[in-house]
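Reviewing the structure listed below.
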Amino acid sequence: MTDSMNKYNSTYSAERLSAYAYCETDTMQDVIKNYSNNIQISQAIYPELCTLEVILRNSIDSILKQYISNTWIEDEINNNVWLDPSEYTALVKAYNTTKDECIAEKKDFTIGKVVANLNFGFWTNLCVKKYNSKIWNKPKCFYGVFVNYPHKHSIKYIAKKLYTIRRFRNRVFHYEKIFKYPSRTLSLYNDILEMLSYLPNDDLEILKKTSTFLDIYNKLIKDLNIGNKKT
């Protein structure tokens, strides 16, 4: 199969494609199919990942405005009162990048644009134990963000789930392999839905209209099972 991969050296690269040979008996045709399946499932889960990221950041930003300061971003940049160094650095970078972009594009600078420029890692890092005293143990903060959380407040549980989802999200957004073990992909999809169920939502109407994950997943699983029966 190595020889047949050579033609992809200047495009996908043989090294990249070889990762999609899931077993020793996989042919080049199997590799291309695995790669194609991976692209399809990555496309299909984009709406869920996008929705979680947007709702999480907006919910945390809203609660920080209510219970820390309506100008918490500007205050923190100027004084660095409660963010740890890694998150503070990320905030300053996003703030400066946003300003530079607005100047270059001759657009009005707003703090909302800074919020949008702060990546998923920044917001999930705020959901860890070290921020308990600064955010999550404050009255109404935890349930102000995770409004539908059914148990006693546990940012540790939330943080663990979000960390796993973030790693998965990064693999999707960097076009890496996520579908070698379909059951794991399905489990992560369910983790995303679980986190969304805890956050404020508007019945997730837009997500329901755009989500194709289960349809694509079931189709690919059916195709895989048919292929396995033939071999």
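Throughout, read-outs are computed from the coordinates displayed, never taken from laboratory work. Since the model is a prediction, treat every value here as computed from it, not as a measurement. In this analysis, Cβ positions are derived from the backbone assuming ideal geometry, glycine residues included, and neighbour counts consider all displayed protein chains.
Figure the gain on full extension for ASN79 and ASP26 (residue separation times 0.36 nm, minus the Cα-Cα span) and round it to one decimal in nm. Write down the numbers at each step before the final one.
Details: separation 53, 0.36 × 53 = 19.08 nm, distance 5.76 nm.
That works out to 13.3 nm of additional length.
Taking every full run of DSSP H in the chain, the ones that stretch at least 20 Å from end to end by Cα along their long axis and average -0.5 or higher on the Kyte-Doolittle scale are 28-67, 155-173, 182-198, 213-230. Annotation: for a label point projected 7 angstrom from Cα along Cα→Cβ of ASN148, residues of region 190-223 with backbone N closer than 19 Å are 190-214. Checking the Cα-Cα distances for LYS7/LYS177; LYS180/LYS219; LYS99/LYS129; LYS129/LYS180 against a 27 Å cut-off, the pairs over it are LYS99/LYS129; LYS129/LYS180. Sorting 204-212, 12-20 by their mean Cβ neighbour count within 10 Å, with the most densely packed peptide first, gives 12-20, 204-212.
In this structure, the pairs whose alpha-carbon distance is over 31 Å, taken from LYS107/LYS160; LYS113/LYS152; LYS106/LYS130; LYS113/LYS161; LYS156/LYS208, are LYS107/LYS160; LYS113/LYS152; LYS106/LYS130.
Taking every DSSP helix (H) stretch of at least 4 residues in the chain, weighting each as -39,500 (n - 2.57) and dividing the sum by the residue count yields a mean residue ellipticity at 222 nm of -21500 deg cm²/dmol.
Between the beta carbons of GLU205 and THR164, assuming R0 = 30 Å, the FRET efficiency works out to 0.65 to the nearest 0.05.
Let's test the formula: R0 of 22 Å, r as the Cβ-Cβ distance of TYR181 and ARG16. What FRET efficiency results, to the nearest 0.05?
Values: r = 19 Å, r/R0 = 0.85.
Plugging the Cβ-Cβ distance into 1/(1 + (r/R0)^6) gives 0.70.
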